[in-house]
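Okay, so here's the structure we're looking at.
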Amino acid sequence: MPIDAKKLRTAIESINDLPTLPSVVTQIMGRLGNPSTNAADIGRLIEQDQALSGKVLRLVNSAYYGFPKQIKSVRHAVVILGFNKIRTSIMTASVFETFKKETAGGLDIKRFWQHSLGAALASKATAEAFGAVQLAEDAFIGGLLHDIGKIVMDQFQPAIFGPIVKFAAERKLLITEVEAKVMSGFNHAAVGSWLIEKWRLPNEVVRMVAGHHAPHRYSEERELVAFVHIGDILARALGVGSGGDNCMPAFDPAVTASFRLDRDFLDRCVERVILEIGRAGEFFSLLSS
Ligand SMILES: [Fe+2]
Ligand SMILES: [Fe+2]
């Protein structure tokens with residue numbers, strides 16, 4: 001009998017040790033949209049968490065941002081980079097730290113985060129290639145978190161998710177295709193969105209995670225959801241890490257039509273993604289520290 005979404009959601013939400021982001025991260029995510037927040041406030045909040053500050057400084061001083069002089073304090077980094085870019089670094093450092101232990105159902109956590117980071121960089125590059133520069137950092141966060149439901153399933157429902165991953169590998173299927181057979185009307189994208197809601201992250205993030213395999217179902221945040229859908233596929237095409245299955249999904253026809261995805265455009269996206277990945281070595285090396 002297919003697994004019921006409501007029952008599984010209740011089971012997952014009642015798990016006491018469901019991972020939480022450091023409270024400073026949730027506060028920062030909430031404050032970044034607030035125009036009255038100043039750089040010193042944000043810097044002070046981040047500095048309360050020393051380990052996080054150290055990682056953020058490592059990222060902001062990396063080749064990815066390419067500043068000629070060393071940035072010595074988080075407060076200075078907020079002024080120079082702006083809130084949106086700082087948010088990207090903080091979220092990256094925090095989720096790697098929160099979900100670094102091996103999961104129970106056999107998902108390779110390091111390769112998983114490599115895929116997620118690849119998708120983050122690709123979602124951002126896609127937004128930029130579309131000229132939607134103002135959405136680029138949000139697209140990064142959506143890409144980074146898009147498959148987080150797989151970790152939740154793997155860690156807390158391994159008896160369900162382990163066989164799904166195994167079956168997908170044996171039959172060369174997508175995890176979503178197997179999920180569609182055994183789960184009643186939901187999949188890891190929905191599970192991920194439940195966690196994001198529980199974390200009280202902004203609605204855009206909920207929708208990017210929920211919609212990354214079926215963007216045609218989302219009329220709100222249409223562009224962001226499409227960028228993450230495309231970013232996931234580009235990260236797969238470039239073989240960056242692994243989200244647990246190694247098949248290539250097709251682009252959602254609604255996205256292909258409304259965003260006019262043609263060969264030329266995709267080639268431009270891929271070029272940008274390769275450049276981004278080349279510059280993001282320090283982001284990837286955070287996974288090993
Ligand atoms: Fe996915
Ligand atoms: Fe993915």
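Between T20 and R279, what is the label-to-label distance in nm when each label sits 7 Å out along the Cα-to-Cβ direction?
About 3.6 nm separates the two model spin labels.
Sort L45, L234 by Cβ crowding within 10 Å, fewest neighbours at the top.
L45, L234
When averaged across all projection directions, what area in nm² does the alpha-carbon convex hull of segment 147-230 cover?
On the way: hull surface 22.2 nm².
Convex hull of Cα atoms, orientation-averaged projection: 5.6 nm².
Provide, as a two-decimal number, the C-alpha radius of gyration of segment 233-289 over 2.2 N^0.38 Å, N being how many residues it has.
Normalised Rg, Cα atoms only: 1.34.
Compute the acute angle (0 to 90°) between the alpha-carbon long axis of helix 136-145 and the principal axis of greatest extent of the alpha-carbon atoms of the chain; round to the nearest 10°.
It works out to around 50 degrees.
Compute the Rg to Rh ratio over the chain from the alpha carbon atoms, using the Kirkwood formula for Rh, and round to two decimal places.
My calculation of the ratio gives 0.95.
Please name whichever of L18, A40, P158 sits farthest to the positive end of the charge dipole of the chain, dipole taken about the Cα centre and charges placed at Cβ: Lys and Arg +1, Asp and Glu -1.
A40
Per Stokes-Einstein, at 10 °C and 1.306 mPa s, what whole-number D in µm² s⁻¹ belongs to segment 20-98, with the Kirkwood radius over Cα pairs as the hydrodynamic radius?
Translational D for this selection: 128 µm²/s.
Within segment 103-146, whose backbone N sits under 19 Å from a point 7 Å along Cα→Cβ of A5?
Answer for segment 103-146: 146.
So which aspartates and glutamates can K166 reach, going by Cα to Cα under 19 Å and dropping same-chain residues fewer than 8 places off?
Here the aspartates and glutamates satisfying the reach criterion relative to K166 are E102, D108, D147, D154, E177, E179, D245.
Give the distance, in whole Å, between the Cα centre of segment 116-154 and the Cα centre of segment 82-101.
13
Apply the Karplus curve 6.51 cos²θ - 1.76 cosθ + 1.60, θ = phi - 60°, to the phi angles in segment 222-233 and return the couplings in whole Hz, x for Gly and Pro.
For segment 222-233, the Karplus curve yields 3, 5, 4, 4, 5, 4, 6, 4, 5, x, 4, 5 Hz.
As an exercise, find the ratio Rg/Rh for segment 86-178 from alpha-carbon atoms, using the Kirkwood inverse-distance average for Rh.
My calculation puts Rg/Rh at 1.04.
So which of K85/K172; K85/K198; K69/K101; K7/K124; K6/K150 end up more than 28 Å apart by C-alpha?
Working: K85/K172 37 Å; K85/K198 24 Å; K69/K101 35 Å; K7/K124 35 Å; K6/K150 17 Å.
As for pairs spanning more than 28 Å Cα to Cα, those are K85/K172; K69/K101; K7/K124.
Across 10 Å bins from the origin, how do the percents of Cα pairs in segment 74-136 run, short distances first?
Here the calculated profile for segment 74-136 is 19, 39, 30, 11, 1.
Would you order T26, T10, T176 from fewest to most other beta-carbon atoms within 10 Å of each residue's own beta-carbon?
Least crowded to most crowded, the residues run T10, T26, T176.
Taking neighbour counts of Cβ atoms within 10 Å as a proxy for exposure, in what order, fewest first, do V205, V133 appear?
Fewest-to-most Cβ neighbours within 10 Å comes out as V133, V205.
For a quick protection proxy, order the peptides 272-283, 251-262, 189-200 by their average other-Cβ count within 10 Å, most packed first.
In descending order of packing, they fall as 189-200, 272-283, 251-262.
Taking the Cα centre of segment 20-98 as origin and charging only Cβ (+1 Lys, Arg; -1 Asp, Glu), how large is the dipole, in debye to the nearest 20?
It comes to approximately 240 debye.
Taking θ = phi - 60°, what integer Hz values does the Karplus form 6.51 cos²θ - 1.76 cosθ + 1.60 yield along segment 87-98, in sequence order, with x for Gly and Pro?
My calculation for segment 87-98 gives 4, 4, 5, 5, 5, 4, 4, 6, 5, 4, 5, 5 Hz in order.
Extending each Cα 7 Å along its Cβ direction at R260 and R171, get the distance between those two points in nm, one decimal.
Output for this residue pair reads 3.9 nm.
Note the full-extension length gain between A104 and C247 as 0.36 nm times their separation in residues minus their Cα-Cα distance, in nm to one decimal.
The span from A104 to C247 would gain 49.2 nm if fully extended.
Values quoted throughout were computed directly from the atomic coordinates according to the rules given, and no laboratory measurement underlies them. Please read these numbers as outputs of a predicted model, since none were measured by experiment. Ideal geometry is used to build each Cβ from the backbone, glycine not excepted, and the neighbour counts take in all protein chains shown.
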